[in-house]
Each structure stands twice: as structure tokens, then as C-alpha cells.
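Data block below; observations after.
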Amino acid sequence: MFDTVFAQIAIVLGLAAVGGLLAQALRQPLIVAFIAVGILLGPSVMGMVEQSSEIELFARLGIALLLFVVGLKLDLHIIRTVGPVALASGLGQVFFTSVIGYLIALLLGMTPVTALYVAVALTFSSTIIIVKLLSDKREVDALHGRIAVGFLIVQDIIVVLVMIGLTAFGQGDAGEHLGWEALQVLLKGLAMLLAVALLMRYVLPRLLLRLAHSSELLMLFAIAWAVLGGVAGEALGFSKEVGAFLAGVSIASTPYREQIAARLVSLRDFLLLFFFIELGSTLDLGTLGGQLWAAAVFSLFVLIGNPLIVMAIMGYMGYRKRTGFLAGLAVAQISEFSLILAALGLSLGHLDTETVGLITLVGLVTISLSTYMILYSHPLYAVLAPWLDVFERKVPYRELDDPHAADRGADMVVIGLGRYGAALAEHLRARGRHLLAVDFDPTTVQRHARAGMSVHYGDAEDPEFIASLPLERVNWVVSTVRDPVINRMLLHGLAAKDYRGRTAIACSGGSAARYLHEAGVDLILVPYEDAAREAAERLVAASPTTITEPSGSPA
């Protein structure tokens with residue numbers, strides 16, 4: 001009954017769905033569940049999935065689409081605006097992690113080649129997992145989120161360069177022909193880049209314009225282009241992954257890259273399922289027992305050492321310890337690229353299955369634990385903050401334009417410059433109020449600063465930032481952010497600093513409004529019921545004891 005490929009794929013998908021449900025309940029990334037399903041189906045347990053050409057084909061397609069989507073992110077405009085901190089922290093973290101990881105591997109008795117593979121594998125973090133977690137927490141646009149995504153892109157570029165080098169030289173002799181091989185690689189690489197540049201300039205924009213009339217045809221072309229790029233990369237002596245990556249780069253500067261990337265994500269994740277299951281099925285639980293000590297050492301280094309490296313770099317560059325800590329947690333795990341690199345080393349004969357198993361085990365441990373570290377990053381920072389002063393300069397100038405700037409004359413603090421908050425701030429300014437505005441999106445901060453508003457970057461959840469506000473002089477602290485968790489943290493921060501002024505908090509009504517009422521908030525704002533103009537008038541006219549109870553919403 002289960003001896004056909006169709007039946008085996010059905011079992012694989014069914015168990016993957018069950019494993020995914022369990023991972024979701026445990027708030028774990030699906031990668032962990034899929035590798036566990038692969039171990040379950042592999043020779044160590046059930047023996048249902050061994051060397052299957054069909055599963056291998058799906059796995060290779062998934063990797064090609066993964067690299068294609070990474071290439072789609074590399075719009076030249078984005079590369080120019082990643083910023084020095086993303087470049088410095090990305091390159092610095094990769095360098096220091098590789099060096100320290102290499103030394104640790106040598107101390108554990110590994111050969112130089114194996115130690116180099118393991119060290120490099122420890123440097124890469126999962127863009128997919130980190131962006132998903134930051135998106136769920138609404139922190140992608142926060143300063144630490146932008147920096148984290150920036151150095152993750154830098155890591156993605158580095159891993160592609162590493163794979164180019166491995167596939168180009170991995171099967172050649174290290175002797176007298178190395179110089180000629182290096183020249184061949186250089187010439188082939190230049191030819192690929194020239195071909196991509198010509199296609200980007202003269203062919204692809206017009207072709208995509210015609211294809212875009214049909215979204216289905218556009219998606220079909222994108223998939224075909226990714227696979228054809230992989231074939232071209234392999235034909236030139238590099239790898240399918242490198243070719244697929246360059247195929248993505250070739251259309252990254254077109255107006256259709258967002259649509260293509262968004263619609264390919266589900267297919268990419270579906271096909272990657274087979275890669276992780278195939279990887280898990282190759283692991284021998286009997287040999288993993290001997291890797292536990294090494295896996296524990298490397299896992300602790302990734303979970304603790306990698307964030308410390310990022311914090312040290314960002315602290316040196318003038319960022320606050322909180323920003324460095326939250327961004328540093330993004331590198332507290334190894335990524336799917338680390339596992340792909342290990343599989344590549346195995347195929348080239350550089351690694352054995354025990355080392356691949358070690359890297360996979362480190363991946364399982366670090367991905368699982370770092371997920372919880374990121375989900376609970378703010379409580380974790382609150383506990384560790386007293387010991388992190390060494391990672392912050394006396395004046396973190398990157399985030400403090402001037403600690404004694406013109407906000408001294410402010411009589412109101414407005415937190416949140418979204419559509420409602422920006423309109424409210426403008427109406428208050430028009431009525432003669434002196435505002436200090438706060439937002440966690442650096443782009444928003446720059447835009448309003450150029451318009452003449454006194455505005456700072458800041459996070460209302462950060463008690464240290466709340467303490468830096470001129471609370472002893474302002475009459476009102478207004479939060480237009482409707483997230484109840486953020487507002488609760490804001491109120492706790494204000495209470496801790498013994499703030500004596502009045503508060504106005506936005507919410508969506510219901511239980512949130514009841515909580516704010518019980519917490520003693522002076523004015524409860526309900527955006528879109530309270531128009532910004534009306535809210536500004538009420539703020540100007542309100543007495544200290546006024547509480548608004550919107551119609552239909554409990555106070």
C-alpha cells in the first residue's frame with residue numbers, strides 16, 4: 001500500500017503537517033518540526049525515507065527558490081541604504097564568529113578543513129525565521145529590526161560568495177593548477193555578471209512588462225527563470241544555488257519583485273520542507289550521541305557569543321545597549337544556509353555524515369532556544385540590563401542627537417507618529433503647543449524632523465528611554481499607539497519615574513479601555529471615533545480629571 005512514491009509523499013506530508021501543528025503549539029519554527037519528521041522517517045527510526053530521487057528533486061528545487069527569493073531582496077537601492085551599521089556588524093560578526101568558532105573546533109580535535117566548515121556554518125543566521133518573528137512582534141521597522149535585517153542581508157551575500165568559492169575550487173587540486181583555476185573562476189564569474197547586467201538593462205524589464213498582464217504567467221516565468229538560472233550556474237562550474245541567486249538579482253530592481261517574492265514564499269516553504277526532511281533522514285541517531293559535547297559547546301557559543309559580538313560592535317559604533325541586545329538576538333541561531341553549506345561540504349567530500357549531523361544538531365538546539373529568546377526579548381533585557389553597561393558608550397551618539405536639545409521647552413510628549421498620531425501632533429502644534437514627538441521608525445523620525453518637528457527615535461516599551469524624556473516639565477504624555485502591551489509598559493515606566501503630569505492613551509475600546517480607566521489614565525482616545533482635530537481640542541481643553549468614555553465603548 002505504501003510502496004509507491006505517491007503514497008510515500010502522502011505520508012511525508014501528513015506527518016509534516018502534524019509536526020507543524022506541534023511546533024506551532026510550542027511556538028517553534030517549522031524547520032525544527034520538519035527535521036524531526038525526517039529523523040522519524042529516516043533509517044534510525046521508521047526507515048521509510050532513504051535515498052529518494054523524488055524527494056531529492058523537490059529539495060533541490062526548494063533550495064533554488066530560496067536563493068532566488070534572497071536575490072530578489074537585493075534591490076540596488078536597498079543595498080545603498082543598508083547603512084554602515086548593517087555592513088560593519090554583519091562583516092564583523094561573520095569574521096569574529098568564524099575565527100573564534102575555528103579555534104574552538106580545533107580545540108575539540110577537528111581537522112582544519114572540518115573546523116573551517118563548522119566555523120563558517122556558525123556565522124549565518126536565518127533571515128526567514130528572524131523576519132517572521134520580528135514581523136509577529138511588529139518590530140521589523142524598529143531601529144534594531146532594521147539593523148538586524150540589514151546584517152542578515154549581508155550574511156546572505158557572504159554565504160553565496162562562500163558557496164561560489166567552494167563549488168569552484170572544491171573539486172580541483174590544490175597544487176600547481178590552482179592559479180589557472182582561479183583565473184577560470186574569475187572569468188566565468190565576470191561573464192555571468194555581465195550577462196545578468198545586460199539582461200537587467202535590455203531584456204527583462206520589457207519582458208516582465210508583457211508578462212505582468214497575467215499574474216499566473218508572471219509566476220510561471222519567475223519559477224522557470226530561477227530553475228534556468230540554477231542550470232546556468234551549474235553549467236559554468238559554480239552551483240545551482242549561485243545561479244538561482246543571480247537570477248533573483250537580475251529582476252530585483254524591477255517593479256514586480258515584491259509581487260513575485262510574496263507569491264513564491266509559500267511554494268518555496270513547501271519545497272524546502274523536503275530538504276529539511278531529507279536532511280533529517282540522513283542523520284544517524286547512533287552517531288549523534290558522540291556529538292553531544294561538541295554540540296553543547298557550539299550551541300552555547302552561538303546562543304551567547306554571537307549576540308555579545310554584535311553588541312560589542314554596535315556599542316563601539318555608538319548605539320545603546322538595548323538596541324545592540326535586541327539586534328544581537330537575531331544571530332543567536334544558525335540558519336538553513338548553514339545546513340545547506342554542510343550538505344554541500346558532504347557532496348564535495350569535505351565533510352562526513354557525523355559532522356553534518358553535528359551542525360544539524362546545533363541548528364536544532366539554537367533555532368529552538370533563540371526563538372524563545374526573541375519572543376521574550378524585552379523581559380529578558382529587563383533582567384540582564386544591569387550587566388550590559390559595558391556594551392554602551394557614555395554618550396550613545398547614534399541614537400541621541402543631543403541629550404540637551406530643544407526638547408527642553410516641550411510641554412507635551414506625543415508617542416507614535418502614524419496617520420492618527422501625525423495628524424494629532426500637527427493639530428496640537430497649530431494650537432500653540434510645544435511638542436516632543438517620539439516614534440520607533442527611523443524613516444518617520446527623519447521625515448518629521450525635516451518638516452520642523454522636534455522628534456526623537458524611541459521605543460515606548462524601553463524604560464530607559466522613558467526615563468530620558470523631560471517628564472518633570474511636560475504636562476501631557478500622549479500615546480497614539482493602540483498596542484495594549486506597549487501602553488502597559490509605558491504606564492509602568494512613567495510610574496517608575498514618578499511622573500506627575502497627565503496621560504492620554506489611544507486604544508480600540510473594550511477591555512483595553514477598562515484597563516486604562518482603572519490605571520488612572522486621564523484621557524482615553526479611540527482613533528477614528530475621535531478624529532485627530534477633535535482629540536487635539538479635547539487635550540487642550542481637558543482638566544486633569546477628565547476621562548473620555550467613547551460611545552459604545554466601556555470606560
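The values are calculated or read from the model by the stated rules, or taken from the named source; none is laboratory data. Small disclaimer: the values here were computed from a predicted structure and weren't measured. Note: ideal-geometry Cβ built from the backbone for every residue, glycine included; neighbour counts use all protein chains shown.
Numerical summary
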{"quantity": "Selection from the stretch 444-464 of residues that are free of Cβ contacts under 8 Å to residues at least 12 places away in the same chain and under 26 Å from the mean Cα position of the chain (by Cα)", "calculated": "Q446, R447"}
{"quantity": "Residues satisfying the stated conditions in the stretch 95-114, i.e. part of a loop (DSSP other than H, G, I, E, B) and of a type outside the set (V, I, T)", "calculated": "L108, G109, M110"}
{"quantity": "Total residues in the stretch 1-32, condition closer than 14 Å to K132 by Cβ and touching a residue at least 24 places away in the same chain (Cβ under 8 Å)", "calculated": "6"}
{"quantity": "Selected residue (criterion: farthest from S368 (Cα to Cα)) from residues of the stretch 328-349 that are among the polar types (S, T, N, Q) and part of a helix (DSSP H, G or I)", "calculated": "S347"}
{"quantity": "Matching entry among P527, P484 (being modelled with pLDDT of 85 or more and closer than 28 Å to E139 by Cβ)", "calculated": "P484"}
{"quantity": "Single residue of F96, F68 found to be at pLDDT 90 or above and either surrounded by 15 or more Cβ atoms within 10 Å (Cβ to Cβ) or in the same structural domain as I340 (by TED's automatic domain parsing) (or both)", "calculated": "F96"}
{"quantity": "Tally of residues being within 16 Å of E258 (Cα to Cα), touching a residue at least 12 places away in the same chain (Cβ under 8 Å) and assigned to a helix (DSSP H, G or I) across the stretch 184-218", "calculated": "5"}
{"quantity": "L417 vs. criteria surrounded by 14 or more Cβ atoms within 10 Å (Cβ to Cβ), at pLDDT 85 or above, in contact with an Asp or Glu (Cβ under 9 Å, 6 or more places away or on another chain) and closer than 27 Å to E537 by Cβ", "calculated": "yes"}
{"quantity": "Neighbours by Cβ (under 9 Å, 6+ apart or cross-chain): first from the stretch 299-320, in the same structural domain as S468 (by TED's automatic domain parsing) and farther than 20 Å from L361 by Cα; second surrounded by fewer than 19 Cβ atoms within 10 Å (Cβ to Cβ) and modelled with pLDDT of 90 or more", "calculated": "none"}
{"quantity": "Leading residue by the ranking (farthest from the chain's Cα centre (by Cα)) among those in the stretch 8-35 that are surrounded by 12 or more Cβ atoms within 10 Å (Cβ to Cβ) and more than 24 Å from D136 (Cα to Cα)", "calculated": "Q8"}
{"quantity": "Residues (of a type in the set (S, T, N, Q), over 21 Å from Y376 (Cα atoms) and in a helix (DSSP H, G or I)) located in the stretch 1-36", "calculated": "Q8"}
{"quantity": "Enumeration of residues in the stretch 433-480 that are of a type in the set (G, A, S) and not in a loop (DSSP other than H, G, I, E, B)", "calculated": "A437, A449, A467, S468, S479"}
{"quantity": "Residue count, the stretch 332-374 (criterion: on the phi > 0 side of the Ramachandran plot and either aromatic (F, W, Y) or modelled with pLDDT of 85 or more (or both))", "calculated": "0"}
